[in-house]
Amino acid sequence: MTNTLFPTGHATHPQWRMACALVLAQLRAQMALPGHASAPTLGLLYITDAYAAAARDILDHLQAELPEVTDWAGTVGVGVCASNAEYIDEPALSVMLCDLPIDQYRVFSGVAPLAAGLGFTPHTALVHADAQTPDVAELIAEMAERTRTGYLFGGLAASRGPVVQFAASGHGNAPGQGAAGGVFSGGLSGVAFGDGVALVSRVTQGAQPVAPEREVTAADGNVLITLDDEPALDLMLDDLAISLEQPRHALEALRRTLVGLSSPGERGVHRSGNFGADVLVRHIIGVDPGRRGVAIAQQPQVGQRMAFCQRNPQAARADLMRICAEIREELEPEEVTEAAAALAAPHDEASPQPAQRIRGALYVSCAGRGGAHFGAPNAELQIIRHALGDVPLTGFFAGGEIARHHLYGYTGVLTVFVRQ
């Protein structure tokens, strides 16, 4: 039971019923294959926003067609992920069926909040959230505190229509959870996992520093006042080689520029010149000429390290390859040489064999990373397949990414379920 691959299915079609039929055919074919889960109980369901209005019908249909799958979780994104493929700005869905002991996970939602008890202790959790929920970042941090490891993974729903989350539990093994579920709006939902579910997760950054790292020495609310005891605005203008006397040029540069913030007392930029996984990338939202300050979409704290940065496709590709190699090394250190050689080879040459200990993978990427940002359609997912092999994968393109107790931007969060 703990060694089988998770069945996956994905499809695009103008009619959701046809897409579901294609997905169900893939799932059933895989469930009949040796080495694949034949009786999974947990379904992860991601739909693009073109299907958002039909979310309840889609869930009802899948539940009726797959009665053995008692629990469902998922959400909507502007795109969805599958092994070697992404669907962005088109009607599509992606499903993965997980074969896990039913006493080792709990589906939760606003109707059935996560609560320890009945022999279950949450160690980590997959979290989906609505960006419009007040204090969503604080709620994510509070959710992390309810888990033993403090590690969450997931993302914010992203939709140009209804913002929906899926959370359905049929086996009723938590108070108030039996028969509670379906399609929700607002708040948080997801799946908490016990210590019997082995996971490995990594964060990949999508922005690169374009200026030296500095310490926040004065701040007021969202405004950086001084960095290294120098006016923040003056330093930014120098770093970007711009002047407020040339407003058009300055505005163009500011639109491309972000701020990377690290935790107080920690350095955010590695010797390689890249950000570490703990760095939070935030937008610049304005300047304060009177106080020579820079306003950002975060409340910085004195003592934090920061660096002005910009999105960089080459750095993003390299960092995604790095985290894939780290995951493989952690799971199969004896195969590192083979994996490294395959990563260095052109994509049309042989990829490494699939990582043998991976049962399935979940990838949540920023909606601003997919497609053209990586140079070509599907390029981001092709990098993962090139590194990990043809492992089952699902996920979505989010409005913000969740990892540890943080809410990130412009990142990717790759999590794999591991054989035990």
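Carbon and sulfur: what percent of the chain's accessible surface (1.4 Å probe)?
51 percent
For the chain, with the dipole built from +1 on Lys and Arg beta-carbon atoms and -1 on Asp and Glu ones, taken about the Cα centre, which of Leu59, Pro313, Cys98 lies farthest toward the positive end?
Going by the charge dipole, the pick is Leu59.
Report the Cα centroid-to-centroid distance between segment 267-334 and segment 29-55 in angstrom, as an integer.
A separation of 34 Å, based on Cα centres.
Using all C-alpha to C-alpha distances in the chain, build P(r) with 20 Å bins and read off the rounded percent in each one.
Final binned percentages: 27, 55, 17, 0.
Using amide H atoms built in the peptide plane, which far-off residues or other-chain residues are under 5 Å from Gly286 H to H?
Placed amide hydrogens put Ala295 under 5 Å from Gly286.
What distance in nm lies between label points placed 7 Å from Cα along the C-beta direction at Leu33 and Arg419?
The modelled label-to-label distance comes out at 1.4 nm.
Relative to 2.2 N^0.38 Å, what does the C-alpha radius of gyration of segment 177-268 come to as a ratio? Two decimals please. Please list the in-between numbers first.
Values: Rg = 20.9 Å, N = 92, 2.2 N^0.38 = 12.3 Å.
Here the answer is 1.71, to two decimals.
Which one, Phe184, Val413, Gln208, projects farthest toward the positive side of the charge dipole computed for the chain from Cβ point charges (K/R +1, D/E -1)?
Phe184
For the peptides 216-222, 64-70, what is the packing order when you average, over each peptide's residues, the other Cβ atoms within 10 Å and list the highest mean first? Walk me through the intermediate numbers first.
Values: 216-222: 16.3, 64-70: 14.3.
The peptides rank, most packed first, as 216-222, 64-70.
Of Thr75, Thr133, Thr257, which has the largest mean-square fluctuation in a 10 Å C-alpha GNM of the chain?
Maximum fluctuation in the GNM of the chain, among the listed residues, is at Thr133.
Can you give the translational diffusion coefficient of segment 44-170 in µm²/s, computed by Stokes-Einstein from the Kirkwood radius over Cα pairs at 20 °C and 1.002 mPa s? Can you show the working numbers first?
Numbers: Rh = 15.6 Å.
Approximately 138 µm²/s, per Stokes-Einstein.
With only Lys, Arg, Asp and Glu charged, each at its Cβ (+1 for the first two, -1 for the last two), find how big the charge dipole of the chain is about the Cα centre; round to the nearest 20 debye.
Working: 28 positive and 44 negative charges, 83 e Å.
The dipole magnitude comes to about 400 debye.
Looking only at Arg357, Arg256, Arg56, which one moves most when the chain is put into a Gaussian network model with springs between Cα atoms under 10 Å?
Arg256
Residue separation times 0.36 nm, minus the C-alpha to C-alpha distance between Asp238 and Leu22: what's the value? Walk me through the numbers before you get to the answer.
Working: separation 216, 0.36 × 216 = 77.76 nm, distance 5.52 nm.
Additional length available on full extension: 72.2 nm.
If you roll a 1.4 Å probe over the heavy atoms of the protein chains, what accessible area per residue do you get for the chain, in Å²? Kindly include the intermediate steps, with their values, before the conclusion.
Values: 16650 Å² over 420 residues.
Per residue, the chain has 40 Å² of solvent-accessible surface.
Under a point-charge model restricted to the Cβ atoms of Lys and Arg (+1) and Asp and Glu (-1), what is the dipole moment magnitude of segment 1-82 relative to its Cα centre, in debye to the nearest 20?
Dipole magnitude for segment 1-82 comes out near 160 debye.
If amide H atoms are built 1.01 Å from N in the plane of the peptide, which residues on other chains or at least 5 residues away come under 5 Å of the amide H of Leu114?
Ser109
Go ahead and run the numbers for FRET between Asp89 and Gln132, Cβ-Cβ distance against an R0 of 25 Å, rounding to 0.05.
Numbers: r = 22 Å, r/R0 = 0.86.
Result of the calculation: an efficiency of 0.70.
Under the Karplus relation 6.51 cos²θ - 1.76 cosθ + 1.60, θ = phi - 60°, what is the ordered set of whole-Hz ³J(HN,Hα) values for segment 194-211, x standing for Gly and Pro?
Result, ordered by residue: x, 6, x, 10, 8, 9, 10, 9, 9, 10, 10, 7, x, 10, 10, x, 10, 8 Hz.
Using amide H atoms built in the peptide plane, which far-off residues or other-chain residues are under 5 Å from Gly182 H to H?
Answer set, sorted by chain and number: Ala167, Ala168, Ser169.
How much of the DSSP beta bridge set in the chain is antiparallel, as a percent to the nearest 5? Could you put the intermediate results ahead of the total?
Working: 86 of 106 bridges.
Among the beta bridges of the chain, antiparallel pairing accounts for roughly 80 percent.
The values are calculated or read from the model by the stated rules, or taken from the named source; none is laboratory data. Quick caveat: nothing in here was measured; it's all calculated off a predicted structure. Note: ideal-geometry Cβ built from the backbone for every residue, glycine included; neighbour counts use all protein chains shown. Areas reflect the complete protein model, heavy atoms only, side chains present, ligands, DNA and RNA absent. Shrake-Rupley method; radii C 1.70, N 1.55, O 1.52, S 1.80 Å.
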